[in-house]
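Since the structure comes first, as structure tokens, the remarks are kept for the end.
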Amino acid sequence: MKELKSIFKLTIMEKKDVALAVLFGFIAGIAGVALLASSGYLVSKAALTSQMTTLVVMAACLKLFGFVSALSRYAERLYSHRATFTMLSNLRVSFFERLSPLAPNLFQRYRSGDLLARIVGDVESLQNFLLRVFYPPVVLAIVFLSTIFFASFFSATVALVLFIGFLLTVVVVPALFAWQKRKTVSRTRASRAALSTEATEFLYGFRDLKIYQQLEEKEGQLQRLVDAYAVEQRNEGQRENYSQSANAFVAMLVSLVVLGLGAYFVAVGELEGLYLAMLVMLSLAVFENVTPMAVFPAYYEESRKAASRLDKVVEEPVQNEGEKGLQPGHIGITLKDVSYTYPQEERPALNNVSLNLPPGSKTAIVGPSGSGKSTLLQVLLHILQTDSGSVLVNGEDINHFDQEKLWSRTNVVLQENHFFFGTIRSNLAIASEEATDEQMKSVLEKVELDAFPLSMKVEEKGQNLSGGEKQRLAIARAMLKGEALWLLDEPVSSIDSMTAKSIYSRLFEQGKEDTFVVISHDLSGLEQLDQIIVMEQGRIVEMGSYKNLMERRGYFYGLKKIEKSVFA
Amino acid sequence: MIDLKQMAFERKNTMALLGTASVLKGLAIILQALFFVWVVDGVFLKGDSFETVLPLLGGLFGAIVLRGFCGYILGRTGVHLATEIKSELRKRLIRSFATNPLQAASHGQSGKKVSLLMDAVDEVDGFFSKYIPQMMQTYTIPLMLLAVIFYQHWATGLIILITAPFIPVFMAIVGKRTKVKADEKMEQLGQFSGTFLDVLQGLTTLNLYGQASKQKQLIQKNSLAFRDATMGVLKSAFLSSLMLEYISMLGIGIIALEIGLRLVVFQNITFFTAFFMMLLAPDFFNMLKDFGGAFHTARGSMAAAKLLSAEFSKEEHKTEWGQEVLSSGPPHIQLDELAFQYGDGFALHPVQAEIPPFSRVAIIGKSGSGKTTLMHLIAGLLPPSEGTVKINGVPREEISEKAWFDQLSYISQNPYLFAGTIKENITIGATAEVTHEEVVKAAEKAGIAEMVASLKKGFDTEIGEAGRGLSGGEKQRIALARAFLKKPSIILFDEPTTGLDLQTEQILQDSMEDLAKTSTVITIAHRLHTISQSDLIFFLSDGRLSAVGGHMELIENYSPYREMVAVQQGGVAE
């Protein structure tokens, strides 16, 4: 239950819509009951008399209750859906608020792309919370209690039976199945995950499986997983059917008991026969409203799971206890014996790394894939908390600094840079709101994008830009920010080497006094840098200037030689 | 095209069960109403004692049990039908994936295919678990009710006959109008949740520029705008159900009026008939409305079925295999007018070439020139559209699949590592039982043994999907270990385009050298070293084999090759 607390709060925020939805839901329900009950009464009454008024009243009641019920149902749907969509909007905003400070840490630490997709899916699935979990029981409770109150005027026993029926169909049966569902839903989920993983493996590894002649065996395995998943799904469907059938049966049974008791009371003279048909119709009608409770267990469990998953994501501890900001001026960083191992991995991604990035220095970090370059960058950005060793920024422990204040002094170009729907201007303005058009044009010129007008449209995620254009725009954005520390991760991998070279020259010219760290897979154009750090398997294997390293004829020289012999 | 309805009706026993249960349920509904009325009529008008109506209450109980039981059976049969058909569809899909040779060549679509297998098939569920049982009930129960109503009181039946058809007619008219709009909205919904995903993905960038709070307002604005747009469509959908409600209400109202008139004014029907009609008429209209709801579910299933049909209808040319066995040792390979055409797209024009045993062949050319296609054709992963590959003079189509693949290793740029232990990943290549010593030896040759030994669990270390936790170089070495263990007589090698770590580079060179002693090696080559060491170079351009020869031969006689090498060596100036 407590998992749903925050969702509940967000839903309640839409007081007016929720209240109106409940109100109209109640009117619709009770009018439906009134319709059938009155028709039962009036048919009985008509059988006894020949007064025209009875007929008129009968016709009027039927019309009145019928139209009120249908109209209220319409209003109820309108308000409940409105409230739901507003709630979803609130949920997105509040979730975004909580996720935002955690984002870089979270996304880097778990290298999973589907984390985000899952978040979005979970948010979407919570739209069922109000519609199918929260308010049907509330409306039902009010409708039932009113009906029971009315029935109690005619027979306390019948009222009691209705109440027991209400408890069974609205509370006991759904709760029982919801509880049972909690136990089984994870089994279905697990068998689904197994099938999906195995299918992914089957498709991605298809060629190797084919050549190693494991295809048939894998296919057999996949077929078995299909069967296993089918069994779980069938069991779950079966339980749902069981819950629905049980609910419907109990409802009809209650009507039977009402009829039996009513008949008895009429026979012994404790109840006027005129009301018998009415009470029976009343009972049939009120239990007709119970239908939505049949899907309650499924949606309750789904909402609970989604809410708890979302909570778990934002429950990540915020690691920045530091508050300090950086003084204006140069920035230098020193790493001493830094090690880091990703969760659930055995080997360290960084292994006793020590290096010095003096103020104004220009450093390149190179090495094969998986050597720890990007991990190192995340340590420098204060996104990853090192396992051991220390990182000093201007001589002070990085943990004393506030993450965002550090970032505000850093120009970062990532491997994947995000661009928003808008224009070139609006995407550049992210770096500096005060920047004039002239300043923007000048940075575009420096990255050789001066052909792009500032008003040019940028589509979502920069879809209309090529890889190289995106990289250049990202560099321009960083240039516009113009802070003292530059951290660039493969900034020119999609740009031809001539252009890349001249962009580097202009960068270093603009940031003569600034500290640069460039991560690069590509070994060309590194001549202009002060030091090159060569990494392999999380260690620094070589360090020095380009000339220096080439003369030494060591690891860097070897890499360079291979690079030159590779035809792209 | 898969016809979902047909799939259901093919299962005659299931459909018969659904039909029987529906008829029994209809019977139970009628009996239930009948007993209700008898009891009320008995004690209210006839003044019967409680004991007199007790058997009737017993009968009512029986009717309720029958109704509940039939409902349960209908639901249960629907669930069974749905799972059975979903399983069948999944198995068919897997079969079609497995037999589609292009699967080996294209990795891009894998994500989509998984979603087809998981999500699209699950979408179909509602059609069988909800719609079909509801449909069977709609075919039978209203007719039964109508028959009873006509028998009891023809006027009510007539009123129903006149009003009821308005429901499906109205549903069809409104449904068609809103369907287009609703589909548009669904698309928008998809796009909108896509935007939310985009913003979340860009969160790192936003944070690094300190802009996250601004985005918050944008999310809110978009969400609310989306809400208002959606409400517009929902409003018309709700309005249509309001109209349906009105029609049934109107129907019931007219019936009540007619009954009332006869009961009060003309006094020519009994209370029994009147009450009975009042109970049955709403049931009749409810059945029709329920069917409308189920129909909505069915529409979603139908869209998914369309996706599945598209997958099933893809034309597939299977790779043909025969029965011939292969003699051991590297064979003589002849490419005889070998060509491939994929749809209207890329074509590999007929290739005529010979690959003698133990030769080392380098396939080179710009990206998109057909290197990989040629390699897949040689490997027997793609069926040629023309020509054939002759192995020791025998067309490959006549050789048994097992015999061929037993002789073959394929080392790709990004070898796929399966979820399992390192040992399992190495032994996947072995054709016979292997000892642990043999695995260690292969690992040593591939230069991975040392790294494996450094792991706590050694060869029993689990490596995740696609070899998470291993570097690119290590994956290459595991693939090499597979080849060392398998000892194939033909090795197809897709040389990495980007530099690996120095150690792996060295190991790769040495290993290929080593493997070439006992086999034919065909490489999609990117390194000058590899190319110049080859006996034969296949130079591809624009899907044509434009030159074949040794390194020196091509340098002398083929200018594009000469230029390519010159550019490369020009770059090596230090």
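One table, with the values for the structure above:
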quantity: Extension gain from B:LYS221 to B:TYR151, taking 0.36 nm per residue of separation minus the Cα-Cα distance; calculated: 19.1 nm
quantity: Restricting region B:293-353 to trypsin sites (Lys or Arg not before Pro) in coil, as DSSP defines it, with at most 14 other Cβ within 10 Å; calculated: B:LYS314, B:LYS318
quantity: Long-range tail of P(r) for region B:315-400 (Cα pairs > 22 Å, %); calculated: 25
quantity: Check: the protein assembly as shown dipole with +1 on Lys, Arg Cβ and -1 on Asp, Glu Cβ, in debye; calculated: 3080
quantity: Protection proxy ranking of B:410-421, B:425-436 - average other beta-carbon atoms within 10 Å, highest first; calculated: B:410-421, B:425-436
quantity: Pairwise centroid distance, computed over Cα atoms, of region B:261-312 with region B:484-557, Å; calculated: 72
quantity: Qualifying lysines (Cα of each under 21 Å from Cα of B:LYS113; at least 8 residues distant if same chain); calculated: A:LYS210, A:LYS218, B:LYS86, B:LYS91, B:LYS306, B:LYS314, B:LYS318
quantity: Alpha-carbon centroids, region A:419-480 and region A:119-134: separation in whole Å; calculated: 38
quantity: Kyte-Doolittle mean at least -0.5, axial Cα span of 30 Å or more - DSSP H helices of chain A; calculated: A:15-48, A:52-99, A:173-204, A:215-268
quantity: Inter-site label distance for B:SER309 and A:MET13 at 7 Å from Cα along Cβ, in nm; calculated: 4.5
quantity: Pairs beyond 28 Å (Cα-Cα), from A:LYS324/B:LYS216; A:LYS457/A:LYS564; A:LYS15/A:LYS405; calculated: A:LYS457/A:LYS564; A:LYS15/A:LYS405
quantity: Sites B:THR498 and A:ARG98 - FRET efficiency at Förster radius 35 Å, r taken between beta-carbons, to 0.05; calculated: 0.35
quantity: Ellipticity estimate at 222 nm from DSSP helix runs (n ≥ 4, -39,500 (n - 2.57)) divided over chain A, nearest 500; calculated: -20000 deg cm²/dmol
quantity: Chain B, relative contact order in percent, only Cα pairs under 8 angstrom and at least six apart counted; calculated: 15
quantity: Most to least packed among A:152-164, A:72-84 [average Cβ atoms within 10 Å]; calculated: A:72-84, A:152-164
quantity: Global form of the protein assembly as shown, assessed from the alpha-carbon gyration tensor, a/c cut-off 1.5; calculated: prolate
quantity: Inter-chain Cβ neighbour average for residues A:33-42, partner chain, 10 Å; calculated: 3
quantity: For chain B, calculated [θ]222 nm from helices alone, where every DSSP H run of n ≥ 4 adds -39500 (n - 2.57); calculated: -20500 deg cm²/dmol
quantity: Value of relative contact order over chain A, rounded to a whole percent, pairs C-alpha under 8 Å and six or more apart; calculated: 14
quantity: Region A:31-48 versus region A:291-311: alpha-carbon centroid distance in Å; calculated: 38
quantity: Subset of A:LYS461/B:LYS214; A:LYS305/B:LYS289; A:LYS336/A:LYS561; B:LYS371/B:LYS441; A:LYS446/A:LYS481; A:LYS312/A:LYS461 violating a 21 Å alpha-carbon distance limit; calculated: A:LYS305/B:LYS289; A:LYS336/A:LYS561; B:LYS371/B:LYS441; A:LYS312/A:LYS461
quantity: Sequence-separation-based contact order of region B:4-312, relative, with Cα cut under 8 Å and 6+ spacing, percent; calculated: 30
quantity: In degrees, nearest ten, helix B:132-152 long axis to first principal axis of chain B (Cα); calculated: 10
quantity: Dmax and Rg, reported as Rg then Dmax, of region B:408-562 (C-alpha, Å); calculated: 17.0, 56
quantity: Partner chain coverage, peptide A:428-441 - average Cβ within 10 angstrom; calculated: 1
quantity: Rounded to whole Hz, the Karplus (6.51, -1.76, 1.60) HN-Hα couplings of region A:419-436, x for glycine and proline; calculated: 10, 9, 4, x, 10, 4, 4, 5, 6, 6, 4, 4, 6, 7, 6, 7, 4, 7
quantity: Neighbouring partner chain Cβ atoms per residue of A:341-353, average, 10 Å criterion; calculated: 2
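Here, each number is a calculation from the coordinates, and none is a lab measurement. In this text, all values refer to a predicted model and were calculated from it rather than measured experimentally. Don't worry about glycine lacking a Cβ; one is built from the backbone with ideal geometry, like all the others, and counts go over all protein chains shown.
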